[in-house]
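Student: What follows is a structure written as structure tokens; I'll ask about it next.
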Amino acid sequence: MTIEPANLVALYDKVAITEMELQSRLIRSAAYFSPADIIKQVPLEFIESLRIESSSPPKDSEDCTRFFTPGIAARDFDHPLHELDERRTYLEGIWRWHCFFKTES
């Protein structure tokens, strides 16, 4: 599920997600939204952590952060496939951030 970056910040402000989760979701958001557009919606305090995190992006989805989704109990839900999709989205997003910051410098 893709959430608009500004809405992610609102969730963080309401203490509905942690700072680490916000960062991870902002990275994955870049797979769907332009980092240039995301930056306009996110306070500067989070941008530096995105810059640092994306400075040495992983080469492969196997090297990405693992994602676990508790609470999805449907029998036909494919947890391994979902987790793989999350890692692939993370990889695409972190590389988009990496390229964005590289060209911005």
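No value in this document is a laboratory result; all are computed from the given coordinates. This structure is a prediction, so every number in the text was calculated from the model and none was measured. With ideal geometry, Cβ positions are generated from the backbone for all residues, glycine too; neighbour counts draw on all protein chains shown.
Student: When the label point is put 7 Å from the Cα of Gln41 along its Cα-to-beta-carbon vector, which residues of the stretch 6-23 have a backbone N closer than 12 Å?
Tutor: 6-11
Student: Another one. Report, please, the projected area of the chain averaged over directions, based on the convex hull of its C-alpha atoms, in nm².
Tutor: It is 6.8 nm².
Student: Can you tell which of Asp63, Asp37, Asp76 shows the greatest fluctuation in a Gaussian network model of the chain with Cα springs below 10 Å?
Tutor: Of the options given, Asp76 has the highest mean-square fluctuation.
Student: Based solely on its DSSP helices, what 222 nm [θ] is calculated for the chain when runs of n ≥ 4 H residues each add -39,500 (n - 2.57) and the sum is averaged over all residues, nearest 500 deg cm²/dmol?
Tutor: For the chain, the value works out to -18000 deg cm²/dmol.
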